[in-house]
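> My questions will all concern the structure given below.
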Amino acid sequence: MKDIILAKFEEVFGSASGAKVYFAPGRVNMIGEHTDYNGGHVFPCALTIGTYGVARKREDDKLRFYSMNFAQRGVIESSLQDLKPYKEANWTNYPKGVMWAFEQRGMALPCGMDLLLNGTIPNGSGLSSSASVEVLTGYILRDFFGFDVTNQDLALIGQYSENHFNGVNCGIMDQFAIAMGKKGHAIFLDTADLSFEYAPIQLENAKIVIASSNKKRGLGDSKYNERRGECETALAELQKVVDIKALGDLTEEAFEQYQSAIGSEVRRRRAKHAVYENQRTIKAVEALKKNDVKLFGELMNASHVSLRDDYEVTGVELDTLVEEAWKVPGVIGSRMTGAGFGGCTVSIVENSAIDNFIESVGRAYQEKIGYAADFYVVEIGDGPRAL
Ligand code: GLA
């Protein structure tokens, strides 16, 4: 990969002398969905697929971007004097947003750069290709200019740029999972205070299989921000009767006790999901520590049901993938992952069942939805690095 992207950099930008190669992973969330903006827990892991980048400092303040995934767009130019989001700037709004966020924090960039990207994460699949680009950009800026920021800061800067430059009110999960990724481990993160622990994922006879619905999803135009608003309103209603900072502060019992304070049936279901999903995530990590993969899988299944019925972020594509997966012998657990409304499912599948899983879920999906799903057997990888 390194040779391929260096050769492409040379072709696009004239020469590759002085250019350096970097990588940042994508992520998949095992459980804990739509909890990260509710002060709850998440359990994501970084993947070995991700974004490769070649970068080189410039002597002026120009920015030149090229993505092998959007080759038809050619070189997109900008400059440090113009760190503003434009629709036609397309994917370059992600690296530009991170540059802007560094400057917002008083870390002015001394010069521009040429940046070429090649992502191995399917675009729009919900495996966080945009957060991967954000963390990659932050990593490059730190490496180039020696800024005093930790990997955790890179996650926060990425999230800040996503929220304030790209207009998506996302939580911290994606950027954190990518910036802090560790091979063979998922990250049990408490989004209330960013305390976390690494939990090894040792699946003896099974693998993590991702199924992409191939239904494209843009977070910005989805109902993501609407769900977040519903949770905020529900929280404000609950705060009139109970002293909490976030929905994640409630146990299931406390939720049942106070839920009548929430003024609409829809918001009650949204809040219920946030509370129960957080508790499920805590239980799932406990189960994993006891090597109870079966219980972990059952909690994954329950997570999907809650996202389907109470949070309503699945849709026929994701439901078909998951409900077909549940029918396949050897599937330990299956659920949608990420924001929803399209994107991917994550399943734990016994090794001997993987071929049949891909075959039968793939066939049923094609029949019902009318186009194919894609399947990826994935490995849990490390965080960002120079190659
Ligand atoms: C997207 C957001 C995350 C998180 C998930 C849902 O991936 O970027 O912050 O809210 O959706 O769990």
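> Not counting ligands, DNA or RNA, and with a 1.4 Å probe, what is residue 326's accessible surface area in Å² rounded to the nearest 10?
So the heavy atoms of residue 326 present about 90 Å² to solvent.
> Next question, about the same structure. Within the stretch 264-298, report the trypsin sites (Lys or Arg not before Pro) that DSSP leaves as loop and that have at most 14 other Cβ atoms within 10 Å.
Answer by residue number: 290.
> Something else: Using a 1.4 Å probe and counting only protein heavy atoms, arrange 75, 21 so the residue with the most accessible area comes first.
From most accessible down to least: 75, 21.
> For the chain, what's the relative contact order in percent, using C-alpha pairs closer than 8 Å and at least 6 residues apart?
In percent, rounded to a whole number, it is 23.
> Let me ask you something else. Could you look at the chain and say what percent of its accessible area is carbon and sulfur, using a 1.4 Å probe and all protein chains?
Carbon plus sulfur share of accessible area: 47 percent.
> Solvent-accessible area of residue 305, probe 1.4 Å, all protein chains present, reported in Å² to the nearest ten, please.
Rounded to the nearest 10, the figure is 50 Å².
> Shifting gears a bit: Could you work out the helix-only [θ] at 222 nm for the chain, with each DSSP H run of four or more residues adding -39,500 (n - 2.57) and the total divided by the number of residues, to the nearest 500 deg cm²/dmol? Working shown, then result.
Details: 11 runs with 154 residues, N = 387.
The per-residue figure over the chain is -13000 deg cm²/dmol.
> Rank-order 154-164, 229-239 by packing density, defined as the average count of other C-beta atoms within 10 Å over each peptide's residues, highest first.
154-164, 229-239
> Where the only charges are on Cβ atoms (+1 Lys, Arg; -1 Asp, Glu), what is the dipole of the stretch 25-78 about its Cα centre, to the nearest 20 debye?
So the magnitude is around 260 debye.
> A further question follows. Of 176, 145, which has the most accessible area with a 1.4 Å probe, and how do the rest follow in descending order?
Values: 176 0, 145 40 Å².
Heavy-atom accessible area, descending, gives 145, 176.
> Top to bottom by accessible area (1.4 Å), largest first, where do 105, 228, 335 land?
The residues order as 105, 228, 335, largest area first.
> Okay, moving on. Per-residue accessible area for residue 358 at 1.4 Å probe radius, Å² rounded to 10?
About 60 Å², rounded to the nearest 10.
> Normalised by the number of residues in the stretch 242-381, what is the relative contact order in percent for Cα pairs under 8 Å and 6+ residues apart? Kindly include the intermediate steps, with their values, before the conclusion.
Values: 155 pairs, mean separation 22.8, N = 140.
Answer for the stretch 242-381 is 16 percent.
> With everything on Cα atoms, drop me the angle between helix 129-145 and the longest principal axis of the chain, reported from 0 to 90° to the nearest 10.
Compared with the principal axis, the helix lies near 40 degrees.
> From the mean inverse distance of alpha carbon pairs (Kirkwood) and the Cα radius of gyration, derive Rg over Rh for the stretch 123-268.
Value, to two decimals: 1.02.
> Once the dipole of the chain is set up with Lys and Arg at +1 and Asp and Glu at -1 on Cβ about the Cα centre, which of 342, 371, 261 lies farthest towards its positive end?
371
> When ranked by the protection proxy of mean other Cβ atoms within 10 Å per residue, highest first, what sequence do the peptides 201-208, 132-139, 29-36 form?
132-139, 29-36, 201-208
> Sticking with this one: Might you tell me the accessible area per residue for the stretch 245-387, computed with a 1.4 Å probe and given in Å²?
I get 42 Å² per residue for this part.
> Once you keep just the Cα pairs under 8 angstrom separated by 6 or more residues, what percentage relative contact order results for the stretch 1-136?
Computed value for the stretch 1-136: 30 percent relative contact order.
> Taking the Cα centroid of the stretch 21-64 and of the stretch 322-387, what is the distance between the two, rounded to the nearest whole Å?
21 Å
> How many percent of DSSP beta bridges within the stretch 1-157 run antiparallel, rounded to 5?
80 percent
> State the answer as a single residue: which of 144, 154, 39 lies farthest towards the positive end of the charge dipole of the stretch 12-168, with beta carbon charges of +1 for Lys and Arg and -1 for Asp and Glu, about the Cα centre.
144
> What dipole magnitude, in Debye to the nearest 20, does the stretch 92-191 give about its Cα centre under +1 on Lys/Arg Cβ and -1 on Asp/Glu Cβ?
Roughly 140 debye, rounded to the nearest 20.
> Roughly how many debye, to the nearest 20, is the charge dipole of the chain about its Cα centre, given +1 on each Lys and Arg Cβ, -1 on each Asp and Glu Cβ, and no other charges?
Numbers: 42 positive and 52 negative charges, 111 e Å.
My answer is approximately 540 debye.
> Per-residue HN-Hα couplings for the stretch 104-110, Karplus 6.51 cos²θ - 1.76 cosθ + 1.60 at θ = phi - 60°, whole Hz, x for Gly and Pro?
Per residue, the Karplus-derived 3J(HN,Hα) values read 4, 8, x, 9, 6, 8, x Hz.
> Take every DSSP beta bridge whose two residues both sit in the chain, then give the antiparallel share in percent to the nearest 5.
90 percent
The values are calculated or read from the model by the stated rules, or taken from the named source; none is laboratory data. Everything numeric in this text was worked out from a predicted model, so none of it was measured. A quick note on method: Cβ atoms are made from the backbone with ideal geometry, for glycine too, and the neighbour counts reach across all protein chains shown. For the accessible areas, the whole protein counts, side chains as well, though only heavy atoms, and no ligand, DNA or RNA atoms are used. Shrake-Rupley method; radii C 1.70, N 1.55, O 1.52, S 1.80 Å.
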